[in-house]
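Have a look at the structure below before the remarks.
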Amino acid sequence: MATLLTGACLCQKITYRVDLPATDPLPQVILCHCTSCKRYTGSAFSSNIVVPRSALVYTTGSPKLYLGHSDRGPQVRRQFCADCGTPFTSQPGDADEIIIIKTGTLDEESRARCGQLGQEIWCRSKDEGGEDSEDASQSALIVSTN
């Protein structure tokens, strides 16, 4: 029996599934700190899992494709929702057999199953102050609706 992961964009117009062989280990999270990923996600890093390209199937809707540069050199294919802007994938031009899925698009159960951090890459581009501190982890943001 295959291992199934599912996900969607913010507006839910695009959904997907990832069918992995049951014999394969669950993918681990890779945090990327390259400038290209920061701009693509609008964050200090990109949280990703890497899966075989053939395992990803869009079940509802179709993402838009953007071809862009990477800090490594080869062009990167990026898929995103044209309606809400959610970034789904990155795929380096020299790696047709794999696809990188943004973990924030995984459904809660799937994200929990793939939650173990495997590695961080492009750490030389890592933003300062990105480390957790005791004070920051215990503080709460209060938003007023008035």
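Here are the numbers:
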{"item": "Amide H contacts under 5 Å for residue 3, placed H, 5+ residues apart", "result": "20, 22"}
{"item": "Rounded to 5, the percent of DSSP beta bridges in the range 3-127 classed as antiparallel", "result": "90 percent"}
{"item": "5 angstrom amide H check on residue 9, placed H, neighbours 5+ away", "result": "14"}
{"item": "Spatially proximal lysines relative to residue 64 (Cα-Cα < 27 Å; intrachain offsets below 8 disregarded)", "result": "13, 38, 102"}
{"item": "Set of the range 93-110 residues, backbone N closer than 16 Å to the point 7 Å along the Cα-Cβ line of residue 67", "result": "93-96"}
{"item": "Pairwise label distance in nanometres, residue 107 with residue 59, each label 7 Å out on the Cα-Cβ vector", "result": "0.5 nm"}
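Throughout, read-outs are computed from the coordinates displayed, never taken from laboratory work. Keep in mind it's a predicted model, so treat the numbers as computed, not measured. Heads up, the Cβs are rebuilt from the backbone with ideal geometry, glycines too, and the neighbour counts pull from every protein chain shown.
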